[in-house]
Amino acid sequence: EAGSNFALLKLRIHCSAGTYIRSIARDLGEKLGSLACLYSLLREQAGPLKLDSAITLSELLEKKEKGDLAQLLIRPESALQLARVEIDENDCRKLSFGQKLKISAGSLSESYCQAIYQDKLVAICSKRNCTEEQDESLQIELKPEVLIWNGSAI
């Protein structure tokens, strides 16, 4: 409107998942003794996915027509923001039967990790600390929470 005294702020916010940007706009308005609302919101990144590596809808349709959609798929092990634990064939079988694994703790500090066999995601596991073993090394126990590998052809 002509003659209105509206202020427009442009902010760039780096935040974690679950942050309510609309609430921040409202709260800023209150702090300034006024009202505020969100005019526009552009998410530049969600987890490991970034806007600058996205493709347009027309590029997507072009890939579909050429039969090249498979090139756009993101492997789960690269999209998950979880520590990786490399396992062997025997551990892979154990996890597939729902069995827990005891491994050396190493530098794994997160509560969840992804179990990887031959560069493929086998399972998402929860982690818990175990007692020290006889060789004084700290052991952790991995429990499969989500099994990806179906047990076929290791």
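The values are calculated or read from the model by the stated rules, or taken from the named source; none is laboratory data. The structure displayed is predicted, hence computed values, not measured ones. Cβ coordinates were reconstructed from backbone atoms using ideal geometry, including for glycine residues, and neighbour counts include every protein chain displayed. The area values use the complete protein model at the heavy-atom level, side chains included, leaving out ligands, DNA and RNA. Shrake-Rupley method; radii C 1.70, N 1.55, O 1.52, S 1.80 Å.
Here are the numbers:
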quantity: Spacing of the two label points (7 Å from each Cα toward its C-beta) at Tyr39 and Ser126, in nm; calculated: 4.7 nm
quantity: Kirkwood-based shape ratio for the chain, expressed as Rg/Rh from alpha carbons; calculated: 1.17
quantity: Using alpha-carbon coordinates, inclination of helix 21-31 to the longest axis of the chain, degrees; calculated: 50 degrees
quantity: Solvent-accessible area, 1.4 Å probe, carbon plus sulfur percent, for region 1-66; calculated: 55 percent
quantity: FRET efficiency, His14 to Ser111 (Cβ-Cβ, R0 22 Å, nearest 0.05); calculated: 0.40
quantity: Amide proton proximity set for Ala83, modelled H, under 5 Å, gap of 5+; calculated: Gln114
quantity: Once exposed loop GluC sites (Glu not before Pro) are cut out (DSSP; at most 15 other Cβ, 10 Å), longest piece of the chain; calculated: 45-109
quantity: Length-normalised contact order for the chain - Cα pairs under 8 Å, 6+ apart - percent; calculated: 15 percent
quantity: Spatially near lysine pairs across region 1-107, Cα under 25 Å, sequence gap of 8 or more or different chains; calculated: 6
quantity: Area accessible to solvent at Arg75, 1.4 Å probe radius, in Å²; calculated: 110 Å²
quantity: Per residue accessible area in Å² of the chain, where ligands, DNA and RNA are left out and the probe is 1.4 Å; calculated: 80 Å²
quantity: Computed [θ] at 222 nm, helices only, for the chain once each DSSP H run of length n ≥ 4 contributes -39500 (n - 2.57); calculated: -6000 deg cm²/dmol
quantity: Inter-part distance where region 5-33 and region 50-129 are each reduced to a Cα centre, Å; calculated: 35 Å
quantity: Computed lengthening from Lys102 to Glu65, 0.36 nm per intervening residue step minus Cα-Cα distance; calculated: 8.5 nm
quantity: Separation of the Leu80 and Ile21 label points, Cα + 7 Å toward Cβ, nm; calculated: 2.8 nm
